Amino acid sequence: MRNRCRSTAAVALLVLLSFPAIGGSLFGMDKTAGGSDVESLAHSDPVLERNNRRLVSAYALAVGLYGYSSWWRSDRSDFHFANEGWFGQDTYRGGADKVGHAYATYLSTRALRAAYEYIGNDRGSALKMAAWTAGATSLGIEMLDGFTEKFGFSWEDLVMALAGVGLGVW
């Protein structure tokens, strides 16, 4: 059981770090020439880079601990997909779950943008990093849900979470 939890955490971490804006440029590891949008997220200020890493780490840890204690601790299974539907009467919670995903990521994106600005990022960079952080975390949550018997990976949840990120950026 303990090895399965470690494997799941490792998969979630790899997924989170596989996003270029989080795993590379946000952490200042992608310093190649070319000037792409992703590379513009990297900062030359080592203190700001360290603070960005700390913010992402704290957010991921907080979400991960909450998710583990609330959903993932005892309900383990092999990875599977769940077709939950959207907003019909026969869907999980009548679609309120989908609104919850959108609203939670909307709030996360807004709060993360403010936090990134507070630690010294300009507004544009803060908004991009907030969107990537909230979006990647949502994907990580759904990946971990895929290993639970009760939930499973839900494309509908992920779409609504990413819509919430979009609303937070807008």
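The values are calculated or read from the model by the stated rules, or taken from the named source; none is laboratory data. Keep in mind that what you see is a predicted model, and the values were worked out from it rather than measured. So basically every Cβ, Gly included, is an ideal-geometry build from the backbone, and we count neighbours across all protein chains shown. For the accessible areas, the whole protein counts, side chains as well, though only heavy atoms, and no ligand, DNA or RNA atoms are used. Shrake-Rupley method; radii C 1.70, N 1.55, O 1.52, S 1.80 Å.
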Worksheet item: Does residue 90 count as open to solvent by 10 Å² or more (accessible area, probe 1.4 Å), at pLDDT below 90 and either touching a helix residue (DSSP H, G or I) at 6+ places or on another chain (Cβ under 7 Å) or not in a loop (DSSP other than H, G, I, E, B) (or both)?
Response: no
Discussion item. Looking at region 105-117, can you tell me whether even one residue there is open to solvent by 40 Å² or more (accessible area, probe 1.4 Å) and under 24 Å from residue 73 (Cβ atoms)?
Written reply: no
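Working only within region 50-77, note down all residues that are outside any helix (DSSP H, G or I) and without any contact (Cβ under 8 Å) to a residue 40 or more places away in the chain. Walk me through it before giving the result.
Quick first cut of region 50-77, residues outside any helix (DSSP H, G or I) only: 73-77.
Of everything in region 50-77, those that are outside any helix (DSSP H, G or I) and without any contact (Cβ under 8 Å) to a residue 40 or more places away in the chain turn out to be 73, 74.
Hey, can you tell me all the residues within region 144-170 that are of a type in the set (A, V, I, L, M) and open to solvent by 40 Å² or more (accessible area, probe 1.4 Å)? Don't jump to the end; show me each part of the working.
Initially, region 144-170 is screened for residues of a type in the set (A, V, I, L, M), giving 144, 158-163, 165, 167, 169.
Those that are of a type in the set (A, V, I, L, M) and open to solvent by 40 Å² or more (accessible area, probe 1.4 Å): 159, 162, 163, 167, 169.
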Worksheet item: Quick one: residue 28 ticks every box in (1) on the phi < 0 side of the Ramachandran plot; (2) modelled with pLDDT under 80 bar one, so which box is it?
Response: (1)
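Given the options 38, 63, name the one that is within 20 Å of residue 131 (Cα to Cα), modelled with pLDDT under 70 and out of contact with any Cys (no Cβ under 9 Å at 6 or more places or on another chain).
On the way: 63 fails: modelled with pLDDT under 70.
Result: 38 is the single residue among 38, 63 that is within 20 Å of residue 131 (Cα to Cα), modelled with pLDDT under 70 and out of contact with any Cys (no Cβ under 9 Å at 6 or more places or on another chain).
Does residue 84 satisfy being free of Cβ contacts under 8 Å to residues at least 40 places away in the same chain and open to solvent by less than 40 Å² (accessible area, probe 1.4 Å)?
Working: free of Cβ contacts under 8 Å to residues at least 40 places away in the same chain: no; open to solvent by less than 40 Å² (accessible area, probe 1.4 Å): yes.
When the stated conditions are applied, residue 84 does not pass them.
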Worksheet item: Being farther than 25 Å from residue 45 by Cβ and open to solvent by 20 Å² or more (accessible area, probe 1.4 Å), is that true of even one residue in region 123-141?
Response: yes
Discussion item. Which count do you get for residues in region 130-161 that are at pLDDT 90 or above and either over 14 Å from residue 106 (Cα atoms) or in a loop (DSSP other than H, G, I, E, B) (or both)?
Written reply: 1
